[in-house]
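*Asks:* Pasting in a structure now, in structure tokens, and then I'll have a few things to ask.
Values in this text are rule-based calculations from the coordinates and carry no lab data. Worth saying up front: this structure is predicted, and the values here are computed from it rather than measured. So basically every Cβ, Gly included, is an ideal-geometry build from the backbone, and we count neighbours across all protein chains shown.
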Amino acid sequence: YTRPAEYRGWTVPEVLLSGHHAEIEKWKQEQRLERTRRRRPDLLGDEG
């Protein structure tokens, strides 16, 4: 990740700055699930 660590007052999560591709993918998946949990909890069934 070659962008600034902070942009317009928003800080980039440390995992994205780490360069560890497996950890980044894990973080992205967690973010996807959290977004779905907030917007469409009915889609997750027992996971949500």
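*Asks:* Which loop-located trypsin sites (Lys or Arg not before Pro) does the chain contain, where loop means any DSSP state but H, G, I, E or B and the Cβ has at most 11 other Cβ atoms within 10 Å? Let's see the in-between values first.
*Replies:* Details: sites: Arg8, Lys26, Lys28, Arg32, Arg35, Arg37, Arg38, Arg39; in loops: Arg8.
Those that pass, being in a loop and sparsely packed, are Arg8.
*Asks:* Quick one: which residues, 5+ away or cross-chain, put their amide H under 5 Å from the amide H of Val12? H built at 1.01 Å from N.
*Replies:* Those lying under 5 Å, H to H, from Val12 are Glu6, Tyr7.
*Asks:* Helix 21-39 versus the longest principal axis of the chain: what is the Cα-based angle in degrees, 0 to 90, to the nearest 10?
*Replies:* 40
*Asks:* So, one more: What are the chymotrypsin sites (Phe, Trp or Tyr not before Pro) within the chain that DSSP puts in a loop, where the Cβ has at most 16 other Cβ atoms within 10 Å?
*Replies:* Tyr1
*Asks:* Further question on the same structure: Using only the alpha-carbon atoms, what does the chain span along each of its principal axes? Please give whole angstrom values in decreasing order.
*Replies:* 37, 26, 10
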